[in-house]
Amino acid sequence: MYDGLNNELKALESQFPDLVSTDSPTQVVGGEATEKFASVAHPVRMLSLQDIFDADELVAWEKRLHKLTGKTSLEYYGELKMDGLAMRLVYRDGVFVQAVTRGDGTTGEDVTHTVATIRNIPKTLHSHKAVPASVYEYFEVRGEVIFPRAAFEKLNAQRAREGLPLFANPRNAGAGSIRQLDPAVTAQRGLEFIAYGIEMELPELVTHQDEHELARKLGFAVDPHDKVLSSIDDILAYREHWDKKRSSLPFNIDGLVITLNNNADFAQLGVVGKAPRGAVAFKYPAETATTILEDIRVSIGRTGAVTPYAVLQPVQIAGTTVSRATLHNEDEIERKGIMIGDTVIVQKAGDIIPEVVEPIISLRTGKEKKFSMPQSINGVAVVRPEGEAVARLADLNYGEVRWQQLIHFVSKAAFDIEGLGEKTLAQLMEVGLIKSPVDIFRLKKDDLLGLDRFAELSADNLIRSIDEHRRVSLGRFLFALGIRHVGSKTANDIAERFGTLDQLLMATEEQIGDIPGVGAVVGHSLVQWLKSSTHRRLVDDLIAAGVVVDQQQRRAGGKYNGTTWVFTGTLESMSRDEAEARIDALGGNATSSVSKKTSYVVVGKDPGSKAEKATQLGVTVLSEAEFLKLIN
C-alpha cells in the first residue's frame with residue numbers, strides 16, 4: 001500500500017513540480033551520504049535510568065521518594081521500556097530539522113539524514129487547537145527508535161536469501177541502520193519512532209502524562225499501553241500483565257519505565273550521576289541459559305588490570321550467541337564456586353553483558369579444575385594491591401598494556417583519530433613505529449609506505465587524519481591519558497573547572513576533589529599521576545610533537561563564568577543537585593567548602609556553619625529567593 005501511494009505521489013509531483021514540499025516522503029530519502037556524523041550538544045542532558053529488578057527494590061525506591069518529597073502519597077506513570085536507540089528530534093516553525101542520538105548524554109551524533117526516512121515521524125507537526133503557538137516555533141521530543149519484530153524478521157529473511165550474515169537482534173540492527181551513511185538503506189528497514197518525553201518548560205506540561213498527550217496531539221506515536229499508576233500494587237500488577245504478554249507485542253521490551261507523574265516533584269528530586277531520582281527502569285529478569293565453561297582465561301586492560309573471563313560452549317541468550325562471559329575477579333570466582341569444566345548458568349546482566357551466574361554442582365563429573373590467577377604473564381609479575389579486588393601487572397610497560405592504552409588514546413571520546421584501529425596500532429607497534437602516544441604525532445607518510453595495507457592513498461589518509469586531530473579540548477586530552485578513575489564525564493568536569501592545561505597541572509587534590517561528582521579518590525589519582533616524572537614527560541612530549549590543547553569551554557557558558565558557589569541547608573524549590581546543575585549551566589562552579597575565593601553562598605532551611613563562615617569572610621550570602629531571582 002505504501003509503495004503504491006508513494007508512486008502515485010511521485011507522479012503527481014512530476015506533473016505539478018511547484019507543489020513539491022521539502023517534507024514530502026519523496027524528498028527525505030535521497031539525501032547525500034555523509035562521511036562523518038557531526039557532534040551536537042544537548043541543551044538538556046539525555047539521562048539514562050537506574051535499573052531495578054524486584055519488588056523490594058521498587059519499595060525502597062518509593063521510600064526514598066517519600067523522604068525526599070515529603071509526600072506520603074505519590075502518583076506514577078508507567079510505560080513499556082522499548083529496546084531501541086534513544087533519540088532527540090528538533091522542530092523549527094513546525095518542521096522537522098534535526099535528529100541527534102543520546103551519545104554520552106551531553107553530546108550526541110547528528111543522524112538527521114537517516115532518521116528523516118522513518119515513516120511514522122511527522123515531518124511537520126500536526127495542527128491542534130489545544131497546543132500553544134510557541135510549540136510550533138521550536139519543539140523538542142525524545143523517544144526510542146525501534147525495529148519492529150516483523151520488519152526485523154523480513155530483513156533477516158532477505159539477507160539469508162542473499163547469503164549475507166544475519167543480524168543478531170533488532171536493537172543492534174536498528175542502531176546500525178541509523179548509522180548508515182546512505183539514508184536509502186535505512187529507508188528500507190521499516191524502523192519506527194516511539195516518543196516518551198518532552199524536555200521543555202511549558203506550563204501545560206504539569207505531569208508526565210501531559211507530555212505523552214501533547215506528543216500524541218502533534219502526531220507522534222506514543223506507547224499505546226502507557227498508564228497512570230497510583231501505588232506499588234498497581235505497578236506490580238502492570239508489570240506482571242506485560243511480562244505475560246510481552247512475547248505477543250510487535251516490538252521487543254526489556255521492562256517498564258516507572259516515572260513520578262508530577263513534573264514539579266520530578267524536577268525537585270534532581271539527578272544522581274547520570275540517572276534522575278524520579279524514574280527507574282523496572283527490568284524483567286535477565287534471560288538465562290546453561291552451557292559448559294570450557295576454560296577461564298585472563299584479559300589485560302590499559303591500567304594493567306588482569307581480569308578473568310569464561311570461555312563457553314556457544315549458547316543463544318536474548319537473541320545473541322554468547323561464547324565469552326565476565327567473571328569479574330578472583331574473589332567472585334571463589335565466592336560462586338566456579339570451576340573449569342562446570343555446567344554453568346549464564347545470563348545477560350541488564351540484557352547486555354553476559355555473566356556466569358553459578359555452577360550446577362549436581363552435574364559435576366569430578367574432572368573439573370579449580371582456577372588460579374597466574375603469578376606472571378610472559379615474565380611480568382601479576383600483583384594484587386592490598387585492599388583491592390583486581391590483580392594487576394607490576395610493569396605497565398608490557399606490550400598488551402601499551403596497546404590497550406593506545407587504543408584508548410585514539411578512541412572516539414579521546415583524540416578520535418580515524419584510521420588507527422586495533423589492527424593498525426598492533427601492526428605499527430610490531431614494526432617499531434609506535435611505542436607511545438607521542439609517536440603517533442611523529443609518523444610520516446614514508447614510514448607507512450611499504451607496510452601491509454598501506455599504499456599512497458591509505459598512507460595519505462592516515463597522516464591527514466592524525467594532523468586533523470592534533471588540536472583537542474582539555475577534557476578529551478585528560479581522558480586520553482588513561483588515568484585511573486578519570487572517565488570521560490569526569491575528565492570534562494575537571495577540565496571545565498580549570499580551563500587550561502597549565503591551570504590543571506598546578507591543581508591540588510583538594511581543588512579537584514571539591515568538584516561536584518568528582519571527589520577525593522579521583523583527586524588523589526590524578527595528582528599522583530601528574531607527579532610522576534614519566535607522566536609529566538609524556539605530557540610535555542605530546543605538546544612538543546605538535547598536540548594543541550585548547551582551553552576548555554563550559555558546556556553552556558553564561559553570565560556566571562568564573563564564579564564559585566556553595567549551597568548550605570535544604571532548598572525548597574529544587575534539590576541541591578539541581579541547583580548546582582543550574583549554576584553549572586550558567587558557567588559557575590559549585591563547591592562544597594567556603595573560602596575567600598567563594599563568590600556566593602546560598603542559604604536554605606537549617607543551614608550549617610558555612611553560612612556563618614561566609615559572613616566572617618565577607619562572602620555574599622543569598623537567600624533561596626534571591627538565588628532564584630539571579631538565575632532566572
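Read-outs: derived from the displayed coordinates by stated rules, not from any lab. All values derive from a computational prediction rather than experimental measurement. Virtual Cβ from ideal backbone geometry, glycine too; neighbours counted across all protein chains shown.
Taking 0.36 nm per residue of sequence separation and subtracting the Cα-Cα distance, how much length would be gained by fully extending the chain between Val521 and Ala184, in nm to one decimal?
Computed gain between Val521 and Ala184 is 116.4 nm.
Any idea what diffusion coefficient segment 471-622 gets from Stokes-Einstein, in µm²/s, Kirkwood Rh on alpha carbon pairs, 37 °C, 0.692 mPa s?
Using the Kirkwood radius from Cα pairs, D works out to 200 µm²/s.
Computed over the Cα atoms, what is the radius of gyration of the chain divided by 2.2 N^0.38 Å, N being its residue count?
My calculation over the Cα atoms of the chain gives 1.07.
If you wrap a convex hull around the Cα atoms of segment 39-283, how much volume per residue is inside, in Å³?
128 Å³
Give me Phe139, Phe147 ranked fewest to most by other Cβ atoms within 10 Å of their Cβ, as a rough exposure proxy.
Exposure proxy ranking, most exposed first: Phe139, Phe147.
What are the ³J(HN,Hα) values, in whole Hz, obtained from phi via the Karplus relation 6.51 cos²θ - 1.76 cosθ + 1.60 with θ = phi - 60°, for each residue of segment 38-47 in sequence order, with x given for Gly and Pro?
Running phi through 6.51 cos²θ - 1.76 cosθ + 1.60 with θ = phi - 60° gives 6, 7, 10, 7, 7, x, 10, 3, 8, 8 Hz.
For the chain, what does -39500 (n - 2.57) per DSSP helix run (n ≥ 4), summed and divided by total residues, give at 222 nm, in deg cm²/dmol to the nearest 500?
-10000 deg cm²/dmol
Taking the Cβ of each residue in His126, His42 as the centre, tally the other Cβ atoms inside 10 Å and list the residues starting with the fewest.
With the fewest neighbours first, His126, His42 line up as His126, His42.
Where a Cα-Cα gap under 20 Å defines reach, which lysines qualify for Lys369, not counting those fewer than 8 residues away within the same chain?
Cross-link targets: Lys336.
Which three numbers, in whole Å and largest first, are the semi-axes of the equivalent ellipsoid of segment 564-631 derived from its Cα gyration tensor as √(5λ)?
Each semi-axis is √(5λ); the values are 17, 14, 10 Å.
Calculate how many DSSP beta bridges within the chain are antiparallel, expressed in % of all such bridges and rounded to the nearest 5.
Around 80 percent antiparallel, to the nearest 5.
Which ³J(HN,Hα) values in Hz, rounded to whole numbers, follow from the phi angles of segment 286-293 under the Karplus curve 6.51 cos²θ - 1.76 cosθ + 1.60, where θ = phi - 60° and Gly and Pro get x?
With the stated coefficients, segment 286-293 comes to 4, 5, 10, 8, 10, 7, 9, 8 Hz.
So if I place +1 on the C-beta of Lys and Arg and -1 on the C-beta of Asp and Glu, and nothing else carries charge, what would the dipole magnitude of the chain be about its Cα centre? I want it in debye, nearest 20.
Magnitude of the dipole: close to 800 debye.
Give the long-range amide H neighbours of Ile377: residues separated by 5 or more places, or on another chain, with amide H under 5 Å away, using H modelled in the peptide plane at 1.01 Å from N.
Val382
Taking R0 as 51 Å, what FRET efficiency do you get between Lys67 and Tyr138 from their Cβ-Cβ distance, rounded to the nearest 0.05?
0.85
Could you compute how fast segment 388-448 diffuses translationally, taking Rh as the Kirkwood radius over C-alpha pairs and applying Stokes-Einstein at 37 °C with viscosity 0.692 mPa s? Give it in µm² per second.
Estimated via Stokes-Einstein, D reaches 263 µm²/s.
Rounded to two decimal places and with Rh computed the Kirkwood way over Cα pairs, what is Rg over Rh for segment 189-337?
1.08
Where does the longest stretch of the chain lie that holds no trypsin sites (Lys or Arg not before Pro) found in a DSSP loop with 10 or fewer other Cβ atoms within 10 Å?
130-366
Debye calculation, C-alpha points only, no solvent: report log10 I(q)/I(0) for segment 106-214 at q = 0.12, 0.18, 0.19 Å⁻¹, in the same order as the q values.
Log10 I(q)/I(0), no solvent term: -0.53, -0.96, -1.02.
If amide H atoms are built 1.01 Å from N in the plane of the peptide, which residues on other chains or at least 5 residues away come under 5 Å of the amide H of Gln50?
It is Ala281, by chain and number.
Amide H of Thr564: which non-local residues (sequence gap of 5 or more, or other chain) have their own amide H closer than 5 Å, using H built in the peptide plane?
Sorted by chain and number, the residues that satisfy this are Asn589, Ser599, Tyr600.
Calculate one ³J(HN,Hα) per residue across segment 617-625 by plugging θ = phi - 60° into the Karplus curve 6.51 cos²θ - 1.76 cosθ + 1.60, and present them in order as whole Hz with x for glycine and proline.
Running phi through 6.51 cos²θ - 1.76 cosθ + 1.60 with θ = phi - 60° gives 8, x, 7, 5, 10, 10, 6, 4, 4 Hz.
Report Rg(Cα)/(2.2 N^0.38 Å) for segment 288-383, keeping two decimals.
Dividing the Cα radius of gyration by 2.2 N^0.38 Å gives 1.09.
Please compute the Cα-Cα pair-distance distribution of segment 487-567 with 10 Å bins starting at 0, giving whole percents from short to long.
16, 48, 30, 7, 0
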